[in-house]
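What follows draws every value from the coordinates through simple rules; no lab data is involved. Nothing here was measured: the structure is a model prediction, and the numbers come from that model. Ideal geometry is used to build each Cβ from the backbone, glycine not excepted, and the neighbour counts take in all protein chains shown.
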Amino acid sequence: MKTVMTRAELQVITTEYLETWTKRQPEAIARHHAIEGIAESPMYSTLNGRKAIEDAARAFFTSFPDAAQKIDTIVIDPPLVGVFQTVNATHVNEFFGLPGTGRRIEFRMSRLIRMNDEGLIVHERRIYDFTGLLVQIGVLRAKPAK
């Protein structure tokens, strides 16, 4: 029986997982999750299972087809992985009922990932300022400072 994956093993798997996001591959993103894996995000709430995770990734890339990420830092403490990154994209297609605006967005994001012994993500929590993202694309307006 295998024990918790090593830091080096988790580094390889994490790099491969982040590459699926860079290549905008929803099916490959989902395959990095356990069959019953959970992903939580402000944008798509709690996603249960690979199908829901794949569908949400596909929806994101449909709305923001040029989405790109810059990885700032990866912290590994087996079986946990923390990823700190910056995401940039253009709002091209419908996003939660709002037609594409052509506006650029940028947000910093943290991912807290828990892996199982097989190197699959059992839980991923994505943390970012969703309200700030909605302001950037024009869904919400920031209150002016007095």
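Below, the figures for the structure above:
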item: Pairwise label distance in nanometres, Glu16 with Lys143, each label 7 Å out on the Cα-Cβ vector; result: 4.9
item: Kirkwood Rh (inverse of mean 1/r, distinct Cα pairs), the range 72-124, angstrom; result: 13.2
item: Cα-based Rg of the chain normalised by 2.2 N^0.38 Å, two decimals; result: 1.09
item: Residue-span extension gain [Ala28 to Glu40] - 0.36 nm each, minus C-alpha spacing; result: 2.5 nm
item: The range 7-137, relative contact order in percent, only Cα pairs under 8 angstrom and at least six apart counted; result: 23
item: Exposure proxy order (Cβ contacts within 10 Å, fewest to most) of Arg141, Arg31; result: Arg141, Arg31
item: Which of Met115, Met5 has the fewest Cβ neighbours within 10 Å, and the rest in rising order; result: Met5, Met115
